[in-house]
Structure formats: structure tokens, C-alpha cells
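Student: There's a structure below that I have some questions on.
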Amino acid sequence: MAARRPTSTTTPTQSTSPRRTTSASTQASTRPRRRRRSGAARNNQQSAQPVVADSAVVAESNDFDTIETVAPDNSTFAELGVPAPLVAALDASGVTTPFPIQAATLPDSLAGKDVLGRGRTGSGKTYAFVLPVLARLAASGTKRRPNQPRALILAPTRELATQIQASITPLADTLGLRSMTIFGGVGHGPQINGLRKGADIVVACPGRLEDHIQAGHAKLGAVEITVLDEADHMADLGFLPAVRRILEATPATAQRLLFSATLDAGVDVLVRRFMTNPVTHSVDSARSPVTKMTHHVLHVQPDTRLPVLVDLTAAPGRTLVFTRTKYGAKSLTKKLIAQGVPAVELHGNLSQGARTRNLEAFSEGTAKTLVATDIAARGIHVDNVTLVIHADPPIEHKAYLHRSGRTARAGAEGTVVTLMTDDQVRDVRDLTRKAGIAATVTKLTTGDPLLSELAPGERTYVEPQARPVQAERVAASSGGGSGRGNRRRRGSGSAQPATGKRSGQAGAGQQAGGSRGSGRSRSRAGSGSPKSYTTSTPGSAARPAGAAAFSAGSRAGSSRRGR
């Protein structure tokens, strides 16, 4: 724990680090090229240490002397130096008041300084680096060239990269800038074409970006600004070696911005290696309390865990449920659906298309419950998530904080519930202590009135559609025939054999009308809209007629793609 000491009087406009100019040539002439230094040399180099900015209370830290920055009251984006076209675009989207992390870091980042920004999940870090990237690229006047991006933003997950791109696109359009995403799970072709056309900004995950670099599709010699978002999570995922290789491929004169909920887990190595005189701002750090977030620990028995989850997720509003494993997320999603709760899953075993569709269903309200692994704990922003449930308590306290940060975002209210069994009491106690959380612990059973307080409102259940058994699919696909479509008998001549693809895809010798896939599509499309029913009794055991049948049908027809 860092001892409290008088805070530095250095302000963003009085930083001891040299201010970069917009001109790349000026940058090259005034800033020496970085080279690797020994540990003793780094300790003797004062310029390699972060510059503390603003004045406030010293934050607890194991890495840098950071301080909690107090943002100016009633400051506007224009007063912070954001160009007028971007201010107008923000106003049009309803963004008028900067968050503290934005107000603290924008003056330095817009001036071209290296910036370390620390703020909890949901504190508004995205605009804190998107705005200076756009502003400085527009001011530099450099034309984009094929395969040579001018700005690079690295993110640990596909979902986070997608959401950063969504924030950039409307603002970039106003300045005539082009941005694109690069991540795995999708085809290389569209990404290669986008790089060839030229992109001012590339938002990328490290793995796929390295593939394009090695293939010669992405060349980083023209990068003017590099951003690392959620740097500590990239360290947790083992991406730091790739991040180091990528940063070494960018010019030493490029501006570096690093934003994270914490500045540990090896992130300090990146700071000392690649950043020059970084100005550090810590606003609403991961250990600081969120006054509008309430924490509850429900002590349950293993046999009451599922009924409690069903009761909580059947309430109005969006609920995000976290499990520890991908199998656990898939299994719990099936169980909730079988109990009448519209739910979708999000984990690493799903294809990118399935992950996108499920996240859209949750965002649009088609499914009001998202069951996820920690993949959703970083960067997934869905408005109005009122309840976060730790169905499986996480192992690390940082994971607890990042999971919980999906609710009570940007000043909204939210509730966090952790389910705890007898053998998890000690682990959960240690977890909340390390996270600095004062949680209310309650031992309860199914139907406890507390469940209605944590998730108020009338419980609503939706009867899912029963999927036909295999025999019905065969009958539908064959039109009452043998169930083999129009496949020719052996030795009959010119017809080609089936290709051996998954069921649901027509073989080379099948006509479209005789494929299994067409029969399956007809059975789903013609099954009608889902039936719903409600109950105001928490934990009610009342089920609709046929509940057992549709639960069994759901299990029988479950998708094989997400395994």
C-alpha cells in the first residue's frame, strides 16, 4: 500500500514532459528513439517514471504513484479542447457532459502526451481515448494509405473491439476518417480488403492483427497513435508478448495511450518499455466504492440454487448471469429456457456469428437474461442491466469487480447477487474482503420474500417452442417417402453422392426441397409465436401444460455448433 504523501502540484498544463506537436517530422526530431535499457539504467532515468497529474488524494497502488484525479466541475468537451465537429456530433448523440476520466485525461491526450488512465469498468474510458485519436488524426492532415493504418487501438476481446468501433464510427464519419475492426472468428478476406482500401483507425485484437502483419497485409510504420484498452485484461489472457511485438513494430515517436481498470499484472513493463514521461490519471479506481451498486450474498443449498436463479431471472429487466466455465454457461442456459426464462449464452465455444446474435438478442430485449463466462465481464456495454448474478463466484476479486461493473454504469443503479453454497463460504468471504465490498449475507430458501426485493416485479415465463424429434424431421424432409430425399440408388448413374456435411445441409446429389435442412426450417418457422404466462408468487412451482414436453424437446434438439 502506498503511503499517503503530499500530492504533486504538477497539472496537465504544467507537465514536466515535453509536449508533442502535431507534425510527425517535429516528433521525430525532438524525441529520441526508444531502446531497451537495463533495470539499473531505468531506475536512474527519471523520465521513464510516470508524471503524476492534478491534485487529490493518493490512491492505493502497488505499481505507480497515481492519484485520484478530481475533474473540473461543469466542464464541457469544448472547454477540454475537443474540436467543434466532434462536440457537435457528441451533442447530437446526447453526450454533453464529460465523465471524470474523460475530463481528467483529455487535456493531456489532446496535447499529444503519453497518458495512463485508470478507471473502473463503466467509467467512460472509451471516449477518453477515442476523442483524442480522432482529433489528432484530423489535425495532422496525413492521407491514409493502403495497408498502413494511422492509429491502432488494441482490445482483448472481439466484443470490446466491436463496441469501440461502434463508438468511433459516427464520430469518424463527421471528420471523413475511416475505421475498421480486426479480430478472429471471422474470415480474413473482408479484413484484407479493408486494409487494402486504407483505414485511418484499426481496432484490433492482438492475435489476428499479428496474422495480418506476418502476411504483409498490415504495416505499422505509419502509426501516429497507439491505444491499449483493458491492458490488465490482455495481461491476464497472456497477450502481453504479442502486444510487445506489435508495439515494437510501431514508430518510437508514436503517442501511447493506455487505459485500464488496474495498472498491474505486468502492465508496468509495457509502460517503462514503450511510454515516455506518461502522465497518470486515476479516477474512480477499481477499489473505490460505487454508491449506487448494492451487493448481496445469498447462502443457498445446492438443490435450491436453480429455483432461486429462475425466480430472479424471471423478474422484469435485464439480468446478466456469470458462470465459471463455458459448459456451465451452456448448461444453465438450457435449464433456464426449460423453466420458461428467455435466455441466451455467451462464451468462447460459440462462433463469432452466434456470439453477435446472442448479444443482439440480449441488447434488444428478445432475451432478457444473458448467461456468460468472464468473456462478458470486460467491454460488454448493454444499457439498463439492473441485476448481475454470480451463479459461480469468481476466483479472483478483480473478476468480481469487472463482472459487477456490468450494472450501475455511468451513475445508474444496480444490484449484484452472489450465490454461495456451504463449501464456498470461506472463498466468498475472502473474495469480498479483497474486493473491498461490504455485502449483505442472507441464508434463504426458495420463495423467500428477499428475492422480490432484489428483483422486484411480476415474474413472467415464456413457453419455448418444442423442437420436433428426428423422425418428424425425416418425414417432413422426405415428403412422406423414405427419408433420404432424392438421393439416387447406388449404381444408378450420374447423380453425385452426398457430401457428408452436417445434417441440415443438402448433399451434392440432393434437391433443395428434399434436404433435411429445409424440413427443419419449415417446422421451426411454422410453429407460431411463444406462449407466455405470469405469476406474482416468487419461486412459484406452477408450470404451463406441456412444460415437461417442451423441456425434453429442447434437450433433444439442442444445437451442436456451440460445443
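The values are calculated or read from the model by the stated rules, or taken from the named source; none is laboratory data. Given the structure is predicted, the values throughout are model-derived calculations rather than measurements. Cβ atoms come from the backbone with ideal geometry, glycine included; neighbour counts cover every protein chain shown.
Student: Between LEU137, LEU177, which is over 27 Å from THR280 (Cβ atoms), of a type in the set (A, V, I, L, M, F, W, C), in the same structural domain as GLY81 (by TED's automatic domain parsing) and surrounded by fewer than 24 Cβ atoms within 10 Å (Cβ to Cβ)?
Tutor: Every option except LEU177 fails the conditions.
Student: Could you go through the range 409-424 and let me know if any residue there is over 29 Å from the mean Cα position of the chain (by Cα) and at pLDDT 90 or above.
Tutor: yes
Student: Going by the conditions given, is LEU195 in contact with a Leu (Cβ under 7 Å, 6 or more places away or on another chain) and either outside any loop (DSSP other than H, G, I, E, B) or surrounded by fewer than 21 Cβ atoms within 10 Å (Cβ to Cβ) (or both)?
Tutor: So LEU195 does not fit the description; no.
Student: From the list THR250, THR226, exactly one residue is surrounded by fewer than 23 Cβ atoms within 10 Å (Cβ to Cβ), of a type outside the set (A, V, I, L, M, F, W, C), touching a Leu at 6+ places or on another chain (Cβ under 8 Å) and not assigned by TED's automatic domain parsing to the domain that holds ILE375. Which is it?
Tutor: Unique residue meeting the criteria: THR250.
Student: How about the range 411-441: which of its residues are surrounded by fewer than 14 Cβ atoms within 10 Å (Cβ to Cβ) and in contact (Cβ under 8 Å) with a residue 40 or more places away in the chain?
Tutor: GLY411, GLU413, ASP422, VAL425, GLY436, ALA438, THR440
Student: Can you tell me which of PRO342, PRO302 is within 19 Å of ASN384 (Cβ to Cβ) and either out of contact with any His (no Cβ under 9 Å at 6 or more places or on another chain) or hydrophobic (A, V, I, L, M, F, W, C) (or both)?
Tutor: Just a single option satisfies the conditions, and that option is PRO342.
Student: So if I check each of ALA111, ALA84, which one is more than 20 Å from PRO278 (Cβ to Cβ) and at pLDDT 90 or above?
Tutor: Only one candidate qualifies: ALA84.
Student: Kindly indicate whether any position in the range 206-214 is modelled with pLDDT of 95 or more, basic (Lys, Arg) and under 14 Å from THR157 (Cα atoms).
Tutor: Yes, the range 206-214 has at least one match.
Student: Now for a different question. So GLU360 passes all but one of these: (1) without any contact (Cβ under 8 Å) to a residue 12 or more places away in the chain; (2) part of a strand (DSSP E or B); (3) of a type outside the set (Phe, Trp, Tyr). Which condition number does it fail?
Tutor: The one condition GLU360 does not meet is (2).
Student: Give me the helices (runs of 4 or more DSSP H) completely within the range 221-327, filtered to those with at least 2 residues that are among the basic types (Lys, Arg) and within 30 Å of ARG136 (Cβ to Cβ), ordered by residue number.
Tutor: Passing ranges, in order: 240-248, 267-274.
Student: If a residue must be modelled with pLDDT under 80 and within 33 Å of the chain's Cα centre (by Cα), how many such residues does the range 440-484 contain?
Tutor: 4
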